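Asks: Below is the structure I would like to discuss, written out as structure tokens.
The values are calculated or read from the model by the stated rules, or taken from the named source; none is laboratory data. The shown structure was predicted, so the numbers you read here are calculated from the model rather than taken from an experiment. Note that we place each Cβ from the backbone using ideal geometry, even for glycine, and neighbour counts take in every protein chain shown.
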Amino acid sequence: MSDPFRPYERLVEIRILGRKFLVPEKNSLLRCFQFISPETVPYGRFCWNQECQYCRVECQFPDSATPATLLSCKFLVCEGLRVTALSDELRRCLKDKLARK
Ligand code: FES
């Protein structure tokens, strides 16, 4: 099976609804969600191609106070990103990871 992740040297820290996660740099945010939850995200209703909109998130960047809405399949992750709202499909896929202590 081929590795779905683009090559990376390190993990970066992000927050999703307040929870900390380490994810591979140089990858799309949706791919990072897959890294966090490989047992659900690949089976979600995602086109991975900027068409379905099911990967929509609201984020806050470390250097900005203004939230931004973006497609996680298109956006490359960055250190310190805070995901403040998830689409219903992403919320369903990440439910267990976000609930776990
Ligand atoms: S996964 Fe379909 S628009 Fe991002």
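Asks: I'd like to check something: does segment 88-101 contain any residue that is at pLDDT 95 or above, under 24 Å from Tyr8 (Cβ atoms) and outside any helix (DSSP H, G or I)?
Replies: No; the residues of segment 88-101 include none that is at pLDDT 95 or above, under 24 Å from Tyr8 (Cβ atoms) and outside any helix (DSSP H, G or I).
Asks: Which residues, taken from segment 1-59, are touching a residue at least 60 places away in the same chain (Cβ under 8 Å), surrounded by fewer than 14 Cβ atoms within 10 Å (Cβ to Cβ) and at negative phi?
Replies: Within segment 1-59, Glu13 is the sole residue that qualifies.
Asks: Considering only segment 64-76, I want to know if a residue exists there that is at pLDDT below 95 and among the β-branched types (Val, Ile, Thr).
Replies: yes
Asks: Mind listing whichever residues of segment 24-67 are over 13 Å from the mean Cα position of the chain (by Cα) and of a type in the set (Asp, Glu)?
Replies: Glu39, Glu51, Asp63
Asks: Name every residue in segment 33-51 that is in contact with a Leu (Cβ under 9 Å, 6 or more places away or on another chain) and not aromatic (Phe, Trp, Tyr), in order of residue number.
Replies: Scanning segment 33-51 gives Ile36, Ser37, Thr40, Val41, Gly44, Gln50.
Asks: With the structure loaded, tell me whether Leu70 is under 20 Å from Arg10 (Cβ atoms) and either within 14 Å of the ligand (Cβ to nearest atom) or under 12 Å from the mean Cα position of the chain (by Cα) (or both) or whether it fails that test.
Replies: So Leu70 does not fit the description; no.
Asks: Do we have Phe5 as outside any loop (DSSP other than H, G, I, E, B) and touching a strand residue (DSSP E or B) at 6+ places or on another chain (Cβ under 8 Å) here?
Replies: On the way: outside any loop (DSSP other than H, G, I, E, B): no; touching a strand residue (DSSP E or B) at 6+ places or on another chain (Cβ under 8 Å): yes.
So Phe5 does not fit the description; no.
Asks: Which numbered condition trips up Gly80, out of (1) in a loop (DSSP other than H, G, I, E, B); (2) in contact (Cβ under 8 Å) with a residue 60 or more places away in the chain; (3) within 10 Å of the chain's Cα centre (by Cα)?
Replies: Result: Gly80 passes all but (3).
Asks: Is it fair to say Phe35 is at pLDDT below 95, hydrophobic (A, V, I, L, M, F, W, C) and closer than 27 Å to Glu9 by Cα?
Replies: Working: at pLDDT below 95: no; hydrophobic (A, V, I, L, M, F, W, C): yes; closer than 27 Å to Glu9 by Cα: yes.
Here the answer is no, as Phe35 does not meet what is asked.
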